[in-house]
Amino acid sequence: MDETIPTFEHAAALPQGGGRAAEAHGGAVRAAAALPCLLVTTATKSHGRRSQIARKAETLFLNADDLIRRVGIERIGIFTRTFADNVTSRKVAETMNHSWKSGYGSKLFAESISVPERQERGAFHYHDIGDVGCDIRTGFDFESCQAASALKKSRVHKRNGRWVWDSPQQEAEFKRLERAYFASANSNLKRLWREIGNSKHPGKAQEYGFGRCELLPILSNAQACARYIGSYVNIQHNRREDEDKGMRTVRYALKTVPVFCDGRWQRASVRPAIAQWAFVKGGAALWRLGCRTLSVLLGGVPDFTPVFGKHWAFMLAPFVFQCAHHAEELLIDAAAIPPGLTWLRRCRLVLALLNRYEFKAQDTIDLQTAEDHFLTSTPVHLPDFGL
């Protein structure tokens, strides 16, 4: 999480047409250039916490970067799919997306990673990065594409609910730049554009209910492109509705290889990372310090789950944070606790030590419920338990 993100000039290509997706691409990378990490997140209005979201985004970055390096940057396309209708229902959007994926989508991309996103108006659209199986990058006029996007970003404004240009001359210049990079596309990219279709020449996208679709190659930087796709994980979480609970934030359709596991041959994905890990620094380090301190106070509990139940992290969160914030003092106190105390007396003594401090952690269970759960624990780790 300490990488310096390249500036926009070194980032992936902007989506076709220089539209709002193109503006979002440029804005995401430009805004991230001043940050230590593009995937720094904020608390969301609904489901998910910062560390959970950041883990998903960082995992997506690692997998997308591996995909780009493994198949070659010239074969990777960034694809944005928007429904023709204003589809705000998760169920309808997922049904139509599944139809696309099982139909033409699986033929378009040999391997792909997909991120769904709710737009500001509440409608769904999808961002894909995948291997199209051929070179779509050679000859493409990235300078005209970037210039078109920058012009549209600065000169198109929303008035009375509609996007309008500041002047006809600027719109004409945008169309000139657009024609320039359209014409520069090689035969492979033009073939895919024809298959996907557009408003004037309907293609596969229209068959599956999609409207505006944009497919473009990557400019030069695999990591910046992977970060750009990963940033949509954060955007999606910040716009989730209640009905989106349980929806997969990232969908992988990557190459599988045969592996021998559990006494039989199975197929396993080649993706190098999954989201089951913790950050070395930050809140995760604070949590580990609190757990370690609480374990020492209790006489060395090797595993909290058998003692406090499978929901111990939620039930004991207030005590874990108190132990983390006052670890140095509490470890000194732990060394002075008599070794012959019964489990219940030791738990009550630990609570008395923790109650000396003001409770500051937010968004955790109330202290009384935590204390009740703490005192009803089962010390199965003790050698004489059950005798």
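The values are calculated or read from the model by the stated rules, or taken from the named source; none is laboratory data. Being a predicted model, the structure only gives us computed values, none of them experimental. Neighbour counts run over all protein chains shown; Cβ positions are idealised from the backbone, glycine included.
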* To do: Name the residue, out of GLU195, GLU143, that is more than 30 Å from THR249 (Cβ to Cβ), surrounded by fewer than 16 Cβ atoms within 10 Å (Cβ to Cβ) and modelled with pLDDT of 90 or more.
  => GLU143
* What number goes with the only condition from (1) more than 27 Å from ARG239 (Cα to Cα); (2) in a helix (DSSP H, G or I); (3) hydroxyl-bearing (Ser, Thr, Tyr) that THR138 does not pass? -> (2)
* Asked: Within segment 164-177, is even one residue of a type outside the set (Lys, Arg), in contact (Cβ under 8 Å) with a residue 24 or more places away in the chain and not assigned by TED's automatic domain parsing to the domain that holds ILE68?
  -> yes
* **Number of the condition not met by GLU143 [criteria: (1) part of a helix (DSSP H, G or I); (2) within 23 Å of ILE76 (Cα to Cα); (3) touching a Ser or Thr at 6+ places or on another chain (Cβ under 9 Å)]** => (3)
* Structure fact -> Scanning segment 118-138 residue by residue, the ones that are in contact with a helix residue (DSSP H, G or I) (Cβ under 6 Å, 6 or more places away or on another chain) and surrounded by fewer than 19 Cβ atoms within 10 Å (Cβ to Cβ) total 2
